[in-house]
Amino acid sequence: MTIWKGRAAAIGGMLAALALGGCGGGNYRPVRDTPVRIGPPYSVRGVTYVPAADPAYDMLGYASWYGSESGNRTANGERFRAKWITAAHVTLPLPSYVEVTALDTGRAILVRVNDRGPFAGQGRIIDLSRGAADELGLRAQGHAAVRVRIVDPPERDREKLRNGKAARPRPRVSEAVLANLRAQLRAAGY
């Protein structure tokens with residue numbers, strides 16, 4: 001009988017440790033592309049956002065970056081890792097893949113959207129992780145004018161991004177195209 005009590009206590013201790021492990025923030029959704037979640041409308045600071053699939057999404061605005069929240073849960077349930085190439089967007093499905101182009105340099109990268117934001121600043125259309133900001137070369141600036149468009153990258157690029165790595169390099173945008181995009185951004189009042 002004492003052997004059984006000892007085993008029961010050991011099993012109970014292991015179960016308690018497993019349960020407490022989930023309370024410490026360890027109960028995250030695996031990094032994967034399915035299911036894609038759109039989610040219901042939500043409000044932040046008096047503004048209502050309506051998530052929706054938008055296969056033609058192509059916007060000009062500003063990107064900022066965030067990174068001190070490492071370890072927190074993203075809006076789609078994954079663990080936020082500041083060094084990974086990820087981003088937050090207010091309405092795109094989670095996850096989504098976007099191409100972000102810096103309008104000052106023409107440098108473009110692929111980014112995996114797995115969180116919600118930004119919720120401050122007129123014209124801000126995407127919050128990049130520290131890793132994505134480094135990859136795009138805008139971390140020192142804090143924010144920069146960008147073009148963000150939804151893309152459907154090949155599986156090998158998706159896999160790299162799901163594992164926190166940068167996707168294959170994208171071609172730089174020509175100066176003529178950049179000048180046109182900058183003019184459009186100015187015309188929009190930003």
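What are the residues in the range 54-77 that are part of a loop (DSSP other than H, G, I, E, B), of a type outside the set (S, T, Y) and at pLDDT 95 or above, if any?
Going through the range 54-77, the residues part of a loop (DSSP other than H, G, I, E, B) turn out to be 54-57, 67-72, 74-77.
Keeping just the survivors that are of a type outside the set (S, T, Y) gives 54-56, 67, 69, 71-72, 75-77.
If the condition is that a residue be part of a loop (DSSP other than H, G, I, E, B), of a type outside the set (S, T, Y) and at pLDDT 95 or above, then D54, P55, A56 are the ones that fit.
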- [ ] State all residues of the range 139-161 that are within 16 Å of the chain's Cα centre (by Cα) and closer than 29 Å to A176 by Cβ; if no residue qualifies, say none.
- [x] R139, H143, V146, R147, V148, R149, I150, V151, D152, P153, D157
TODO: Would you point out the residue of the range 55-85, among those that are touching an Asp or Glu at 6+ places or on another chain (Cβ under 6 Å) and farther than 22 Å from V36 by Cα, that is surrounded by the fewest Cβ atoms within 10 Å (Cβ to Cβ)?
DONE: Y66
TODO: Look through V44, V31, V50, V90 and report the one residue that is aliphatic (A, V, I, L, M) and more than 27 Å from Y190 (Cβ to Cβ).
DONE: V31
Open item on the list: On the basis of being touching a residue at least 12 places away in the same chain (Cβ under 8 Å), within 22 Å of T48 (Cβ to Cβ), surrounded by fewer than 21 Cβ atoms within 10 Å (Cβ to Cβ) and of a type in the set (A, V, I, L, M, F, W, C), does A166 make the cut?
Closed with: no
Open item on the list: Can you find, within the range 86-135, the residue that is surrounded by the fewest Cβ atoms within 10 Å (Cβ to Cβ) among those that are part of a strand (DSSP E or B) and small (G, A, S)?
Closed with: A108
TODO: Tell me, please, whether a residue that is in contact (Cβ under 8 Å) with a residue 60 or more places away in the chain, surrounded by fewer than 15 Cβ atoms within 10 Å (Cβ to Cβ) and part of a helix (DSSP H, G or I) can be found in the range 136-154.
DONE: no
Task: Of all residues in the range 18-53 being modelled with pLDDT of 90 or more and not in a loop (DSSP other than H, G, I, E, B), the one that is nearest to S96 (Cα to Cα) - done: R37
Open item on the list: Anything in the range 169-190 that is in a loop (DSSP other than H, G, I, E, B) and exposed (fewer than 11 other Cβ atoms within 10 Å of the Cβ)? List them, or say none.
Closed with: P171, S174, G189
TODO: Tell me which of these V113 doesn't satisfy, since it passes every other one: (1) out of contact with any Phe, Trp or Tyr (no Cβ under 8 Å at 6 or more places or on another chain); (2) modelled with pLDDT of 95 or more; (3) within 21 Å of V36 (Cα to Cα).
DONE: (1)
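The values are calculated or read from the model by the stated rules, or taken from the named source; none is laboratory data. Every value quoted in this text rests on a predicted model; they were computed, and no experiment measured them. Positions of Cβ are generated from backbone atoms using ideal geometry, with glycine treated the same way; all protein chains shown enter the neighbour counts.
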